Amino acid sequence: MMRQLLLLCLMNAFVMAGFAQERLVYKVPKHNQRDEKGRKQGLWMEEVGELRGEPGYTWEGNYKNGRKEGVWKKTTASGHLLAEETYKNDVLNGYCKYYYPDGKKSAEGQYVATEIPGQKDTVMVIDLETQQEKPMEIIREGNPVRHGVWKLYDEETGKMVKEYYRLGEVVTAEDFGDNDSIPVKAAPKAQPSQLPHEGIKGGKKKH
C-alpha cells in the first residue's frame, strides 16, 4: 500500500512539473512580430553588424505601430550594456543612460523631442516657374535635444561633472538654478560637448 502511494505521489509530481514547465514556456514573450499591416509590434531584438570599424551591437525594446516606444537597451555582442535610451513615437524623449565598454557609466541625462514625428506644417515657397509664392505641406521629423542636467563620468577616475541644457542650449549652473558643489563643465553659449557614447554609431542618432 505504501509503495503504491509513493508511486502515485511521484507520478503527480512529474505531472505538476510538466504543467509548470509548460506554463513557463508559455509566458516567454514572443519577439520580432508584425501586425497585419506589416508594422513592428511588441518586443523586438535587432542585430546591427560592424560598420566602418565600429563594433556591432544588439538593440532590444518595444515597438508600437512600427515606432520605438519606451526604454531600448543596446548591448555588445559579448553582452555588455552600452545604452538605455527612452523613446516616444520613435524619437529620443526621456531619460537616457550610457556606459563605457567596461560597464562603467559614461553619461546620463534627459532628451526632449521638440518636434512631433509626422507633424504636418504648411510653409510658403517660391514656384521656380511662376516666381510666385505658393503653400507647400511638409512632414517634420522628431528633433531630440538635451534638456536639464547631464552628468558625464570620467572613464578612469569615475569623477562626475555636470552640463546644463535648456532645450538644447548650454546654460550655466546659475541660470539653471543648481547651486551644489559639483563642478560645472558647461559655459554660456558653448557648443555641447560630445558625450562619451557618441563614438558608438547610433548612440544618439534618430532611427
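Values computed for the structure shown
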quantity	calculated
Percentage, to the nearest whole number, of Cα pairs in the range 56-110 over 19 Å apart	28 percent
Highest-first arrangement of 56-68, 31-43, where packing means the average Cβ count within 10 Å	56-68, 31-43
Projected label distance in nm at GLU69 and ASP35, using a 7 Å step from Cα toward the beta-carbon	0.8 nm
Estimated FRET transfer efficiency (GLU50, GLU169; beta-carbon r; R0 45 Å; 0.05)	0.80
Theoretical gain in end-to-end length, LEU43 to ASN89 [0.36 nm per residue, Cα-Cα removed]	15.1 nm
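No value in this document is a laboratory result; all are computed from the given coordinates. Since the structure is predicted, the reported quantities are computational estimates derived from the model, not experimental observations. Cβ coordinates were reconstructed from backbone atoms using ideal geometry, including for glycine residues, and neighbour counts include every protein chain displayed.
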